[in-house]
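This report refers to the structure that appears directly beneath it.
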Amino acid sequence: MILITTPTGDIGSRVLKRVLDTGQNVRVVLRDPTKLPDEVRQRIEVIEGSHADRTPIDRGLDGASAVFWLPPGSPTAASAREGYVEFSRAFVEALPASGVSHVVGISALGRGWHHPAGLVTATLETDDMIGATGVNYRALCCASLMDNVLRQLGTIRDSGTFYAPTPGDLALPVVAKSDVADVAAGLLAGRDWSGVDEMPLCGPGDMTHDAMAEIMTEVLGKPIRFEQMSADAFEGMLAAIGTSPGMVRDYSAMMRAKNEGMDTTYATEVSQRQWRTPTTFRQWCERELKPAI
Ligand SMILES: NC(=O)c1ccc[n+]([C@@H]2O[C@H](COP(=O)([O-])OP(=O)(O)OC[C@H]3O[C@@H](n4cnc5c(N)ncnc54)[C@H](OP(=O)(O)O)[C@@H]3O)[C@@H](O)[C@H]2O)c1
């Protein structure tokens, strides 16, 4: 039995579909079971509740041998520590007495960056907590997700502009959520791995935001430009959409660390282990952005 968290999320729903395709028994824990498509719900065991809470987690882990773990890092959490580390506390406490042998978790690039990096720092602390339980663990350390662009569908469609607090000519690794889900599902289905390790997941090539705008222009057939926003404007934008003050601070720290080289330093240090996932930004635009626009 494999327990899958966030089955309604972008990554979790893809992991669920791929694991079901391999014929394994699946259980999910989620807050609102009515969000699951009927044809999926009929094929799985469903536990209602948040995966931050001990009772649904105990029920979810009962008889499970593997877990897909994704701490959502809710923007309304008091801080990144609250949204990742404390969110995962009940799960980590329940793991040792459970029969779970393998956990695959969603994490972020940045190990070894010795400065505050907000969400990344909290994510890596969560990995350490899970790894210390003695379970076999793979942390899928994602570069920035290509799919983040979809958060700006409105401005891309209406004004042909997208924004980030990042210099337009800074090349950074990016990865598609669908590739992350493929790797997670593969690890959950074939559990021939052991120990605790990180798998840095980066797409086929690093991208600047200016190059992303050029590719979007070609794929969408209309001019798209990138505009760097200041850190203050970024923080104001996050606050305006209801992000808690602590999470605004932690998002900002993460973006600053990325600008200062966290992702590229990490990617260089572990280049021999780096997983270059297949989907290019152009393919992602064709498959995901163009239909969404
Ligand atoms: N964005 C990036 O560039 C980046 C980079 C590295 C790593 N990551 C990581 O990628 C993950 C994001 O995954 P995603 O894109 O699949 O997320 P997503 O599509 O936003 O889905 C979020 C999922 O979490 C659930 N959820 C949200 N708040 C919850 C709560 N308080 N209690 C229980 N469940 C809750 C949602 O369930 P409901 O249906 O109930 O709302 C949904 O299933 C995060 O762990 C993030 O740190 C992101």
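Every number here is computed from the coordinates shown, using simple stated rules; none is lab data. Everything quoted here is computed from the prediction, not taken from an experiment.
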D_trans [Stokes-Einstein, Kirkwood Rh over alpha-carbon pairs] for the range 193-293, 25 °C, 0.890 mPa s, µm² s⁻¹: 151
Work out how far the C-alpha atoms of the range 1-119 reach from end to end along every principal axis, then list the three figures in whole Å, largest first. 46, 30, 25
Using alpha carbon centroids, what distance separates the range 40-84 and the range 199-218, in Å? 31
Reciprocal mean inverse distance between Cα atoms of the range 104-157 - Kirkwood radius, Å: 12.8
Straight-line reach from K17: which lysines have a Cα under 27 Å away, not including same-chain ones fewer than 8 places off? K35, K177, K290
DSSP beta bridges in the range 137-239 [antiparallel fraction, %, rounded to 5]: 10
Dimensions in Å of the range 56-157 - Rg and Dmax from alpha carbons: 15.1, 51
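Which value at 222 nm does the chain reach when only helices count, each DSSP H run of 4 or more adding -39,500 (n - 2.57), with the total divided by all residues and rounded to the nearest 500 deg cm²/dmol?
Here the helix-only value at 222 nm equals -11000 deg cm²/dmol.
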Mean projected area (nm²) from the convex hull of Cα positions in the chain is 14.6
